Amino acid sequence: MSSIQFVPAEQLSGGIGTITPVLLPRLDKLYQQRAKRLQQLAQDHPMQDYLLFCAQMALAQQEVVHKLALPKTAIEIIQQRLGKEHPPLNWQKLERDHYWHTALNSIVEQVKDLSTEQVQAVCQQLLVASTEQLESAAGYLLAQKFSQVPKGWALFLWSALSVYWAQMAEALSASAKADYGEQRQFCPVCGGVPCASVIRGGAQNGLRYLHCNLCESQWHLVRVKCSNCEGTSGLHYWSLDEKNATIKAESCDACESYLKVIYQEKDLHLEVIADDLASLALDAGVEEEGFSRSGLNPYLLPS
């Protein structure tokens with residue numbers, strides 16, 4: 001069990017020192033800021049077209065946040081799970097509300113006319129898919145059984161599922177309690193895996209948090225520690241340019257994995273998922289050294 005757990009808001013959160021164990025997402029501008037960063041990164045980038053398409057997906061997610069509220073039944077269910085289930089929004093155990101289908105339709109309708117003919121065909125498939133087809137594909141996707149997900153569906157499904165989980169995470173009336181211990185490889189909010197880690201600026205300046213690729217929450221992990229096996233030796237830091245790069249890859253000899261580190265403390269304009277996506281050349285270099293990525297970027301899902 002993770003050493004970070006949630007308790008109802010009326011209970012004392014306790015904790016170690018003054019470090020906030022979990023930062024729940026604030027969605028009022030999250031996707032809008034991601035889209036803006038993707039648009040900036042797209043300028044003269046080899047992946048320009050795809051970065052701009054992902055920016056449109058992020059803007060569609062922001063529109064869902066602004067126009068579609070979580071059903072009251074969904075909010076009641078997640079509050080009932082506090083103190084009983086860890087993580088409270090465990091993707092393996094939480095019964096999905098069909099609200100995410102509505103979110104999916106909204107995202108698809110917003111981007112389908114801006115896409116290529118191939119993507120438009122995928123959008124049409126999603127718009128006419130049955131409830132059973134969508135739920136089956138979502139189950140396979142969340143379980144990372146990507147070969148079972150219809151071709152082209154993954155990004156759209158994940159975008160809808162992620163905004164749904166992020167809205168639930170934002171709605172949690174809870175505080176996180178950190179105990180001494182390990183088991184911080186997975187998100188304490190939903191059980192998801194990190195996209196990357198971020199060295200934050202601002203109020204949490206210098207602190208390292210892992211960023212969940214499903215619910216957009218961040219949770220604390222000390223620096224110079226493998227985010228996959230939690231080892232503290234045999235760690236190496238790779239970058240494409242100077243020593244003080246704003247994006248590095250942390251690799252671990254023990255488990256032969258790596259994960260990006262995004263240094264917002266050096267540049268507050270960096271956005272975890274956007275900058276991770278735009279720095280695939282670093283992934284290629286580290287993988288040539290024999291390391292495998294331990295996390296997933298939602299814009300790089302197989303299928």
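Cβ-Cβ contacts under 7 Å between residues 6 or more apart (or on different chains), taken from a first residue in segment 50-64 that is closer than 20 Å to Arg26 by Cα to a second residue that is surrounded by 21 or more Cβ atoms within 10 Å (Cβ to Cβ) and of a type in the set (S, T, N, Q), are listed as Met57/Ser159; Gln61/Ser159. Within segment 223-240, the set of residues being surrounded by fewer than 16 Cβ atoms within 10 Å (Cβ to Cβ) and closer than 19 Å to Lys266 by Cβ comprises Arg223, Val224, Tyr237, Leu240. Restricting attention to segment 132-155, the residues that are small (Gly, Ala, Ser) and either touching a Pro at 6+ places or on another chain (Cβ under 9 Å) or part of a loop (DSSP other than H, G, I, E, B) (or both) total 5. Scan segment 198-209 for residues that are among the small types (Gly, Ala, Ser) and either free of Cβ contacts under 8 Å to residues at least 40 places away in the same chain or surrounded by 24 or more Cβ atoms within 10 Å (Cβ to Cβ) (or both) and the total you get is 1. For Ser175, the test of being at pLDDT 95 or above and crowded, with 20+ Cβ neighbours inside 10 Å is failed. Residues of segment 69-82 that are among the small types (Gly, Ala, Ser) and over 12 Å from Leu172 (Cα atoms): Ala69 alone. Consider segment 262-282 and keep the residues that are part of a helix (DSSP H, G or I) and surrounded by fewer than 18 Cβ atoms within 10 Å (Cβ to Cβ). The one that is farthest from the chain's Cα centre (by Cα) is Ala281. Every condition in (1) small (Gly, Ala, Ser); (2) surrounded by fewer than 12 Cβ atoms within 10 Å (Cβ to Cβ); (3) more than 20 Å from Asn213 (Cβ to Cβ) is met by Ser147 except one, and the failing one is (3). Surrounded by fewer than 17 Cβ atoms within 10 Å (Cβ to Cβ), out of contact with any helix residue (DSSP H, G or I) (no Cβ under 8 Å at 6 or more places or on another chain) and modelled with pLDDT of 95 or more - does that describe any residue in segment 71-90? No, segment 71-90 contains no residue that is surrounded by fewer than 17 Cβ atoms within 10 Å (Cβ to Cβ), out of contact with any helix residue (DSSP H, G or I) (no Cβ under 8 Å at 6 or more places or on another chain) and modelled with pLDDT of 95 or more. Set side by side, the residues Cys252, Cys212 differ, and just one is farther than 30 Å from Leu52 by Cβ, assigned by TED's automatic domain parsing to the domain that holds Gly295 and crowded, with 23+ Cβ neighbours inside 10 Å, which is Cys252.
The values are calculated or read from the model by the stated rules, or taken from the named source; none is laboratory data. This one's a predicted model, so the numbers in the text were calculated from it and none came from an experiment. Virtual Cβ from ideal backbone geometry, glycine too; neighbours counted across all protein chains shown.
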